[in-house]
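Novice: If you scroll down you'll find the structure; I have some questions about it.
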Amino acid sequence: MLNAGFLVPIVIVSPAFESHAVRLTLFGGNYPEVKMSKINPEQYGVNTCAVRAGQLRSPEGEHSELIFASSSFVFANAAEAAARFSGDSPGNIYSRFTNPTVRTFEERLAAMEGGERCIGTASGMSAILSTCLALLRSGDHIVSSRSIFGTTVSLFDNILTKFGIATTFVALTDYAGWEQAIRPQTRLLFLETPSNPLMEIADIARLAELARRHNCLLVVDNCFCTPVLQQPLKLGADIIIHSATKYLDGQGRCVGGAVIGSEALLGEDIFGFLRTAGPSMSPFNAWVFLKGLETLHVRMRAHCENAMQIAGWLEQQRGVTRVFYPGLQSHPQHELASTQQQGYGGIVSFEVPGGKPTAWQVIDATNVFSITANLGDTKSTITHPATTTHHRLTDIQRAESGITDGLIRLSVGLEDVDDLKRDLLAGLTGLVA
Ligand SMILES: Cc1ncc(COP(=O)(O)O)c(C=O)c1O
């Protein structure tokens with residue numbers, strides 16, 4: 001149910017509406033004839049794209065985007081239906097394939113990332129799954145950073161293996177290790193940078209060059225930075241993955257994901273997979289995400305500022321043995337982060353002595369932080385990766401990834417920083433590093 005006083009425009013599309021709908025020519029043109037590739041990417045800044053790109057405006061003249069809550073779309077006659085299904089006539093058929101609200105989200109995010117095409121998906125994991133199943137076949141091989149989201153490791157290790165797709169895991173910043181792991185069957189290199197939860201930074205341009213030399217595609221999960229802080233396609237990556245569940249929404253409301261890249265890579269294979277297999281984004285979620293995109297740049301700056309303050313403060317605390325944040329001079333890839341990113345992000349991890357009991361003690365002593373696995377929210381969250389997000393990894397995999405039992409991950413939100421410090425201090429007081 002929608003709250004009273006919260007005006008949300010919902011329309012059921014009709015043929016008349018469709019024929020009169022005007023896409024803002026400034027940013028889109030009429031879907032699907034005009035692709036994002038036809039827009040000069042240098043013409044508008046990322047913030048303008050975040051607020052404006054892709055908007056479809058109906059004859060009603062609404063200022064905010066509509067939610068097209070319609071599973072199917074109506075044709076003027078049987079001949080038009082046939083033409084839509086054959087692809088001779090562009091337009092919507094069914095919301096598993098395309099939906100105008102989802103399309104607006106896709107065009108907006110594509111513009112922000114500097115990509116030709118974006119495909120919205122039901123979750124971040126389905127964005128990764130769709131990419132792999134669309135582009136790979138039995139016998140193919142992935143080289144992946146081992147410092148990735150635990151469920152992605154499980155997907156590669158436990159599910160893709162059933163379909164004959166093998167993965168070799170390497171250390172994110174061991175560039176010789178990446179090259180050595182590449183086989184003739186390798187098709188994808190996969191990474192997150194910054195990594196989850198240790199905030200290691202990979203040199204995207206260097207790995208893109210490696211991928212090109214070996215005829216592989218470089219896939220970057222850009223969830224932690226978002227296009228506001230990092231645009232991997234401009235550094236040579238081929239495909240970007242997002243869990244829209246995180247910063248793109250920004251207020252912990254919906255689960256969704258996205259794949260961004262060239263029309264050639266996404267158009268046939270990944271879109272083809274999605275419309276057949278069905279992990280499509282819902283129009284309501286797309287609307288929440290595109291509203292989230294409008295404030296993303298403001299929120300990311302605030303997340304970065306608060307996280308920087310918390311990270312610097314944590315380094316001074318007696319009960320803390322190590323702080324992982326790329327904005328700190330002590331971070332091994334601080335220089336790379338400073339050139340590759342336009343900010344250091346909102347995630348800070350730190351280690352306490354004494355392993356799990358101490359980490360849990362610190363977590364349980366907090367009052368403002370939410371104990372939850374999600375991140376990228378205006379509300380700060382605190383997580384024990386070893387027993388939550390990364391619990392499915394074997395002890396060896398966790399040790400190789402550097403995820404100790406004393407590690408705590410913070411997603412620093414937009415509360416007053418002094419309140420967050422006081423909250424952490426409750427559990428840290430008395431610990432001796
Ligand atoms: C870096 C990263 N990628 C992908 C995912 C998966 O996204 P979702 O939960 O939307 O499926 C997550 C989820 O936490 C994540 O942190």
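No value in this document is a laboratory result; all are computed from the given coordinates. Small disclaimer: the values here were computed from a predicted structure and weren't measured. Positions of Cβ are backbone-derived with ideal geometry, glycine not excepted, and every protein chain shown enters the neighbour counts.
Novice: Give me the extension gain from H391 to A82: residue separation times 0.36 nm, minus the current Cα-Cα distance, reported in nm with one decimal.
Specialist: Here the answer is 106.2 nm.
Novice: Using only Cα atoms, find the angle between the long axis of helix 355-365 and the longest principal axis of the chain, and express it within 0 to 90 degrees, rounded to the nearest 10.
Specialist: Helix 355-365 sits roughly 70 degrees off the main axis of the chain.
Novice: While we're looking at this one, here's another question. Summing +1 for each Lys or Arg and -1 for each Asp or Glu, what net charge is found among the other residues whose Cβ lies under 15 Å from the Cβ of V170?
Specialist: So the surrounding residues net to -4.
Novice: Continuing with this model, one more query. For L218, which sequence-distant residues (separation of 5 or more, or a different chain) have an amide H within less than 5 Å of its own amide H, given hydrogens modelled in the peptide plane?
Specialist: Here the answer is L189, D238, I239, since their amide H atoms fall under 5 Å of that of L218.
Novice: To make sure I understand, if each residue's beta carbon is the centre and we count other beta carbons within 10 Å, what order do S380, S72 fall in, fewest to most?
Specialist: S72, S380
Novice: If you don't mind, there's one more thing I want to ask. Compute the relative contact order of the chain as a whole-number percentage, counting only Cα pairs closer than 8 Å that sit 6 or more residues apart in sequence.
Specialist: RCO, the chain: 15 percent.
Novice: Still on this structure, I have one more. Over the residues of region 296-428, compute the C-alpha Rg and express it relative to 2.2 N^0.38 Å.
Specialist: Compared with the compact-globule rule of thumb, region 296-428 sits at 1.00.
Novice: In sequence order, what are the phi-derived ³J(HN,Hα) couplings for region 260-266 according to the Karplus relation 6.51 cos²θ - 1.76 cosθ + 1.60 with θ = phi - 60°, rounded to whole Hz, with x for glycine and proline?
Specialist: 10, x, 7, 4, 4, 7, 8
Novice: Treat each spin label as a single point 7 Å out from the Cα along the C-beta direction, and report the R96 to H334 distance in nm.
Specialist: Distance between the two pseudo-spin positions: 5.3 nm.
Novice: Out of the DSSP beta bridges found with both residues in the chain, what percent are antiparallel (nearest 5)?
Specialist: In the chain, approximately 55 percent of DSSP beta bridges are antiparallel ones.
Novice: Taking only C-alpha pairs under 8 Å that are 6+ residues apart, what is the relative contact order of region 247-318 in percent?
Specialist: 51 percent
Novice: Starting from the amide H of V170, placed 1.01 Å from N in the peptide plane, find each other amide H under 5 Å away whose residue is 5 or more places distant or on another chain.
Specialist: Amide H neighbours of V170: S144, S145, R146.
Novice: With the convex hull built on the Cα atoms of the chain, state its orientation-averaged projected area in nm².
Specialist: 21.4 nm²
Novice: Of the residues N99, N222, N367, which exhibits the maximal mean-square fluctuation in a Gaussian network model of the chain defined by a 10 Å Cα contact cut-off?
Specialist: Taking springs between Cα atoms under 10 Å, the residue moving most is N367.
Novice: Now, a different point. Can you sort L248, L66 so the residue with the fewest Cβ neighbours within 10 Å comes first?
Specialist: L66, L248
Novice: Could you line up V362, V46, V348 from fewest to most neighbouring Cβ atoms inside 10 Å?
Specialist: Least to most surrounded, the residues fall as V46, V362, V348.
Novice: If we count every other residue with Cβ under 12 angstrom of G252's Cβ, Lys/Arg +1 and Asp/Glu -1, where does the sum land?
Specialist: +1
Novice: Related question: Under a 10 Å cutoff between Cα atoms, tell me which one of F68, F190, F85 has the largest fluctuation in the Gaussian network model of the chain.
Specialist: Residue with maximal mean-square fluctuation among F68, F190, F85: F85.
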